[in-house]
1. Hey, what did the range 106-195 get for relative contact order, percent, Cα under 8 Å, at least 6 apart?
2. Antiparallel as a % of all DSSP beta bridges within the chain, to the nearest 5?
3. Once you've got the GNM for the chain with C-alpha springs shorter than 10 Å, pick whichever of Y51, Y181, Y303 has the biggest mean-square fluctuation.
4. At 10 °C and 1.306 mPa s, grab the translational diffusion coefficient of the chain from Stokes-Einstein with a Kirkwood Rh over Cα pairs, rounded to a whole number in µm² per second.
5. Which whole-number percent gives the relative contact order of the range 1-135, counting Cα pairs below 8 Å spaced six or more residues apart?
6. Considering only C-alpha atoms, what is the centroid distance from the range 203-232 to the range 113-186, in Å?
7. Which of the listed residues, T58, P287, T362, is farthest toward the dipole's positive end in the chain, when Lys, Arg count +1 and Asp, Glu count -1 at the beta-carbon?
8. With the alpha-carbon atoms as the only input, what is the per residue convex hull volume for the range 43-147 in Å³?
Amino acid sequence: MATEKIQANVSERLDVKPFKIDISETDVSDLKDRLARTRWTDTIAGSAWNYGIDLAWTKEMIAYWRDGFDWRKQEAMLNAFPQFTATIDGQTVHFIHVRSPEPNAQPLILTHGWPSTFADFAAMIGPLTDPRRYGGDPADAFDVVVPSIPGFGFSGPTQVPGWNSARIAKGWDTLMHGLDYAHYGAHGGDAGSFISRQMGIQKCDGLLGIHVLEIWAFPTGAPGELDNLTESERERMMFMAGFNNLSCHQRVHQTRPLTLAYGLTDSPVGQFAWICDPMMGLGRYGPPEPLDRDTLLTNVSIYWFTKTAESSARWYLEDARSGAGAPDMLNPIPTGVALLPYNFQSVRKIAERSNNIVYWSTLERGGHFAALAVPDLLVGDIRQFFRRFR
């Protein structure tokens, strides 16, 4: 009875409703029809990835998306998790909420990035919530909340301006407290790193610690600032500079997301190419273990079916205009950073200027999309970091 009362109160405060993914057959058929009528570009023969996403690889993937990919199978896999929507600050927020069978599980909110979705964490939810079943220590159990960022996926397009990382961070705190968690941890990568760090900047009530895959901290140019960097740290900075030189996505999103979105919303191949270019490491900076094609196409399909190309890109513009999560803003919450060999390479000396770094690790494999590529390593690192708060 007490549990039923709590759930009723939660539903009343946040208007929590059960949710199930149910893409209409009309939309699935429309996608396949558009793919069959693709008007292909041309390029220099044999240029591979030198001018962008490889044309031959893209044609192979589009043929599979049209004739081999099983959206219904992926839909059923995602629907196996309990999903809900809530209304937070006037915005619909979609989320997975899985409670652990262990009595003292620690609440944890996981935030994806772009061009990811909540589906990135599917392989991690079981080991995080029920470590005993997966050969782990039950003392490491978490209650897991996986929201879709406002403007992304089934949280739907945002209808008003201002949904930057600071506003989302407040929304996540509202969600966690609305689910009756007095204390909780946060993890994120890419946009999720910004949002999780912003929760630290805001000193969200009950936030125990944050675990991120990147700290976006850069040299200021002050004399002597880089004098004591190790050779490894210098290599990390060179890697990050090379990645940034190839990636055009951030600048376009920060300035003209609507202009871009006309093409992405009308052409599934356009949406595919824009998403898969960074997910494949821009053809040069990806890990040697590429993501499997069903994983890639599940992400692209979610963006396509929800028509969130513009609103997801607009998150970049909202942060750029508001200054939310600026690197020099102080984050006093205990913070853990997990570096991956094929990801943005934060440097601890620089990151510590504005963050309370208490944990710093380097995973042996993986890249920017760690939850998809190395979920086992990421689960282990999250467990290790949050043990200090149990």
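Each value in this text was obtained by applying a stated rule to the coordinates, not by laboratory testing. Computed from a predicted model, the values in this text were never measured in an experiment. Using ideal geometry, Cβ is built from the backbone for each residue, glycine included, and neighbour counts are taken over all protein chains shown.
1. Values: 120 pairs, mean separation 40.0, N = 90.
This gives 44 percent for the range 106-195.
2. Around 35 percent antiparallel, to the nearest 5.
3. Fluctuation is largest for Y51.
4. 74 µm²/s
5. For the range 1-135, the relative contact order is 25 percent.
6. 24 Å
7. About the Cα centre, the residue reaching furthest to the positive side is T362.
8. It is 178 Å³ per residue.
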